[in-house]
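One structure below.
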Amino acid sequence: TSPLRLAVIPGDGIGPEVTDEALKVLEAASPVKFEQSRYDLGAERYLATGEVLPDSVLAEIKEHDAILLGAVGGKPNDPNLPPGILERGLLLKLRFELDHYVNLRPSRLFPGAVSPLSEAVLGKGEIDFVVVREGTEGLYVGNGGSMRTGTAAEVATEVSINTAYGVERVVRDAFARAQRRRRKLTLVHKTNVLVNAGALWWRITQDVAREYPDVAVDYLHIDAVMIFMATDPARFDVIVTDNIFGDIITDLAAAITGGIGLAASGNVNPDRTFPSMFEPVHGSAPDIAGQQKADPTAAILSAALLLDHLGHADAAARIDAAVLADLSERGGSGRRTAEVGDAIAARI
Ligand code: NAD
Ligand code: IPM
Ligand code: MN
């Protein structure tokens, strides 16, 4: 078989450190060869050249089978790096241009991983759910602006865009996933306040539900989801929600399942019109960057999602199993980033 083409964007902060380990494990597990192209996009390139994601680079990236990304974003309040430049210009631009409408964020409490939840909560059942976060619409679209900027009369807006087309395709994907799992889907929104977008999400979910009579459908307001994440997360199987709610839910979901160092994600284009992109849920963690302190597990599990997406479910399962084995012996060890990667790769 011909090699798969992999675009690698290590990015900023701990991004390159965790990406190195993910590549190590990917190569150990994959039955096929990867031909890698590395793209030095991120804060350094922007500060040196003013470039964030040149059109020619975007066009090249589109020619790959998949993308592995570390993290992007500089130190908070860096005067040379206005907030959002890299996040919007690089990360979100890729998600939008490559039509990553399913932002897939699984959360599982692996045996050996340490949850801050009490025994009483953990005793209610296994934590194993997936958040299907819409990835191309909502508040992230950039529909808004600032008027009379910097004055006492300033007006700032970000308008959430929700289209029937965009909601329906992600809701359909979530139902299909629920059917392959425990057949429970929870729609999360805030229909009591966001009545326009809420009504659209609600109606489409009810409509699609008729095609999936074996999937039980539940609805929760976003604020109530925060309660249940802390008191009964075992109730969740598939959660479907918009871009911003999904962003917030998945950091909390990470925190209750062993921490942000374990949370993987895929920005998936289910129609395969463009390559999908896999990255940890966490950011560039400037507070620990360059010190080999970052946990690369989230990046490694993201590489497993990448393999699964490319049709190599067995290889993905080997990575999951190696991570599981590593976690069960990890304890409170303060291993270096590369040591964790080596240990997991050695188990493949
Ligand atoms: P963050 O996820 O980078 O860090 C939050 C906290 O978690 C920090 O204390 C950090 O040290 C810790 N942490 C994160 N990943 C870790 C890991 N693998 N191992 C151990 N500890 C880890 O979030 P933030 O501080 O809000 O954002 C920092 C920068 O990253 C910002 O510029 C932000 O915009 C960007 N960001 C990027 C992404 C992405 O690329 N997908 C995601 C989130 C934030
Ligand atoms: C994430 C991040 C991004 C998001 C930011 C950095 C644009 O927080 O991947 O969760 O909000 O989607
Ligand atoms: Mn986030």
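The values are calculated or read from the model by the stated rules, or taken from the named source; none is laboratory data. The structure presented is a predicted model; accordingly, all values stated were derived computationally and were not measured. Cβ atoms come from the backbone with ideal geometry, glycine included; neighbour counts cover every protein chain shown.
Side notes on the structure shown:
- Matching residues, the range 250-267, being more than 26 Å from A338 (Cα to Cα) and surrounded by 24 or more Cβ atoms within 10 Å (Cβ to Cβ): none
- Considering (1) without any contact (Cβ under 8 Å) to a residue 60 or more places away in the chain; (2) of a type in the set (D, E); (3) within 16 Å of ligand 2 (Cβ to nearest atom), the lone condition that E339 does not fulfil carries the number (3).
- The residue pairs whose first member lies in the range 59-75 and is over 20 Å from L86 (Cβ atoms), whose second member is within 16 Å of ligand 3 (Cβ to nearest atom) and at pLDDT 95 or above, and whose beta carbons are closer than 7 Å, counting only pairs six or more residues apart or on different chains, are A66/F278.
- Inside the range 268-287, residues that are closer than 24 Å to I222 by Cα and within 12 Å of ligand 3 (Cβ to nearest atom) make up a count of 4.
- Residue, farthest from ligand 2 (Cβ to nearest atom), within the range 104-138, restricted to residues that are surrounded by fewer than 24 Cβ atoms within 10 Å (Cβ to Cβ) and among the polar types (S, T, N, Q): S118
- Meets criteria (of a type outside the set (A, V, I, L, M, F, W, C), in contact with a Pro (Cβ under 6 Å, 6 or more places away or on another chain) and over 28 Å from L81 (Cα atoms)) for E21: no
- Only one of the numbered conditions (1) touching a helix residue (DSSP H, G or I) at 6+ places or on another chain (Cβ under 7 Å); (2) without any contact (Cβ under 8 Å) to a residue 12 or more places away in the chain is violated by A298, and that is (2).
- Yes/no for D251 being within 15 Å of ligand 2 (Cβ to nearest atom), in the same structural domain as Y219 (by TED's automatic domain parsing) and closer than 23 Å to G125 by Cβ: yes
- Those residues of the range 201-210 which are crowded, with 20+ Cβ neighbours inside 10 Å and over 22 Å from the mean Cα position of the chain (by Cα), in sequence order: I204, T205, V208
- Residues of the range 182-194 that are farther than 19 Å from D207 by Cα and either surrounded by fewer than 16 Cβ atoms within 10 Å (Cβ to Cβ) or in contact with a Cys (Cβ under 6 Å, 6 or more places away or on another chain) (or both): R182, N192, V193.
- Test for G290: is it at positive phi, over 11 Å from the mean Cα position of the chain (by Cα) and within 16 Å of ligand 3 (Cβ to nearest atom): no
- Filtered by the rule that a residue be surrounded by fewer than 14 Cβ atoms within 10 Å (Cβ to Cβ) and touching a residue at least 60 places away in the same chain (Cβ under 8 Å), the range 211-249 gives a lone residue, T231.
- Checking G125 against (1) at positive phi; (2) within 17 Å of the chain's Cα centre (by Cα), the condition it does not meet: (2)
- Scan of the range 1-41 for residues that are buried (at least 20 other Cβ atoms within 10 Å of the Cβ), of a type in the set (V, I, T) and closer than 17 Å to H309 by Cα, ordered by number: V8, V25
- Inside the range 82-108, residues that are among the small types (G, A, S) and within 16 Å of ligand 3 (Cβ to nearest atom) make up a count of 2.
- Entirely in the range 96-206, the strands (runs of 3 or more DSSP E) that have 3 or more residues that are free of Cβ contacts under 8 Å to residues at least 40 places away in the same chain and assigned by TED's automatic domain parsing to the domain that holds F236: 144-147, 155-158
- Of the strands (runs of 3 or more DSSP E) entirely within the range 231-348, those holding at least 1 residues that are under 23 Å from P10 (Cα atoms), within 14 Å of ligand 1 (Cβ to nearest atom) and not small (G, A, S) occupy 264-268, 276-280.
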